[in-house]
1. For the stretch 108-143 and the stretch 163-242, write down the distance between their C-alpha centroids in whole Å.
2. For the charge dipole of the stretch 285-324, defined by +1 on Lys and Arg C-beta atoms and -1 on Asp and Glu C-beta atoms about the Cα centroid, which residue among Tyr285, Leu307, Val320 has the Cα displaced farthest towards the positive pole?
3. Within the stretch 77-150, report the trypsin sites (Lys or Arg not before Pro) that DSSP leaves as loop and that have at most 12 other Cβ atoms within 10 Å.
4. Cα-Cα over 21 Å: which of Lys149/Lys197; Lys26/Lys60; Lys26/Lys56; Lys26/Lys51; Lys60/Lys135; Lys120/Lys197?
5. Residues of the stretch 8-40 with amide nitrogen under 16 Å from the 7 Å Cα-to-Cβ point of Lys83?
6. Of Thr175, Ala113, Ser160, whose Cα points farthest to the positive end of the dipole of the stretch 110-190 (charges on the beta-carbon: +1 Lys, Arg; -1 Asp, Glu; origin at the Cα centre)?
Amino acid sequence: MEEKVIDKSEVVIKLENLTRNFGNLKAVDNVNLEVCKGETIGLVGPNGAGKTTTIKMIAKILRPTSGRILINTNHHKLEDLQKVSRTISNMGFLIDIPNFYDMTAYQLLRYFANLQNYPKDKIDARIDELLDLFKLEDWKWEKVKTFSKGMTQKLGIIQSILHDPDIIILDEPQTGLDPAARIEIRSYIRELQSLGKTIFVASHMLYEISEVCDKIALINHGSIIGFDTVENLARALRTNELNCTLLDPIALNELDPILTRLTEKLNPYLEQNLDPNISKIPIKYNPERQGLKIYYDGRNKSKGEILKILIKEFESDFTVISYIQPRSSQLERVYLEMIADDALKIKINQNGVLEKNEK
Ligand SMILES: Nc1ncnc2c1ncn2[C@@H]1O[C@H](COP(=O)(O)OP(=O)(O)OP(=O)(O)O)[C@@H](O)[C@H]1O
Ligand SMILES: [Mg+2]
C-alpha cells in the first residue's frame, strides 16, 4: 500500500468555547481544542468528565449550549458543523456499546453501509476486507448476539470505519475488554494511523491510550486541564518520589549511619539531578510519620531494586510496611484520581513477601 504523505498542520476539527449544560450542570465547559489531520488525540478523563458529551456534540447527537464546532470537510476549509449536511460522510463514530439485535455480522454491516450510502457493488468486498483485518472473518454469518464483548466492540469499530471516513471518533473503544483484546484494539488504531486517518479517542485510561496517541487532552469536570504531547505530559506527571512507612521508628542515634548507608546502597537508583528547590538530599527520614522519602530516577526497575535492597540489606535496621508514590503535582493529583484503581501501592505481607495492593 502507498504511504500517504500527510500535512499534520491542517486543522480538521476545532472546538471553540464549546459548552453544554444539563440544567445547572456544566457537562462540557468552554472547551477549546484543535485536532490536526493525521493526528491521534486522546480525550482522557474520569467518569462523568464530559468525554461522551463532547463526542456526541461532534456527532450532532447533542447540540452545544454555546460555542461551536468547526469541521474540515473535503473542501479543505473549516465549516461550522451546524451548517454542514446532517450526515458527515468523512467522519465515523463509535459511541456507546453497540446493541446489535438479532442480525448476523454481515447483515448488520450491510445495514450500516446502506445507511452511509456506500456504493452497493463494493459493499461485500469492503465488509470482507474489514472482517479479515479484525480477524472476524469466520464470524461473518453468526448472529451478533452470540459474540463476546470484545468481538462486539470490534464490530463497532468496523461499523465506524466501514464507509472509509478520514476522521474516526471512538468513545471508550476498550470498554469491557480484557488486556489481550485491549492490546488488539491498540494495534487496530495503529493500523488506522498508517492509513493516514485522523483519530479522536476518548478513554478514562491514560496509560492505555497514551501509547497510541500523539497528544492527550486531559478533561475533568467539563474543562480541559492539559493538552500536550504524551512526552510532555509524562514529564509533568512523572513521580520520582517514593514514601516508605516503617513498622517502628528509627532511633535518633542510629539515624545518621543508616542514612549514609542507604544513600550509598541506593545510589545507582537515586535521582542524580535533584532539584534543590524540592530537596537537597535524596533520602529523608520523617520521624512523625516513621517514613522514608526517597527521590529516585523514575524508572520502574529502580523502584523494584530499591525495595529489594530496603528489605534484604536493611532487615536488621527497619521493616518497611508499605510503599507508595505520593501525589505531587496538580496535574498528577487529578490524573491519579482518574486512575485510582491503577495507582501503585505495594505492601509487604507478614511473611515479608511483596504484595501488590489491588485496591
Ligand atoms: N442527557 C443527560 N442529562 C443530564 N445529565 C447528563 C446527560 N448526559 C450526561 N450528563 C452528565 O454530564 C456529565 C458528563 O457526562 P459524560 O457522559 O459526558 O461523561 P464521560 O466523561 O463520558 O464519562 P464516562 O467515563 O463515565 O463515560 C455527567 O455528570 C453526566 O451525569
Ligand atoms: Mg462516556
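What follows is calculated from the coordinates using simple rules that are stated; it is not laboratory data. Just so we're clear, the structure is a prediction, and the values are computed from it rather than from any experiment. Backbone-built Cβ (ideal geometry, glycine too); neighbour counts: all protein chains shown.
1. For the stretch 108-143 versus the stretch 163-242, the Cα centre distance is 26 Å.
2. Of the listed residues, the answer is Leu307.
3. For trypsin sites (Lys or Arg not before Pro) across the stretch 77-150 that sit outside H, G, I, E and B with at most 12 neighbouring Cβ atoms in 10 Å, the list reads Lys77, Arg86, Lys135.
4. The pairs that break the limit, which is 21 Å between Cα atoms, are Lys149/Lys197; Lys60/Lys135; Lys120/Lys197.
5. Within reach of a label on Lys83: 14-16.
6. Thr175
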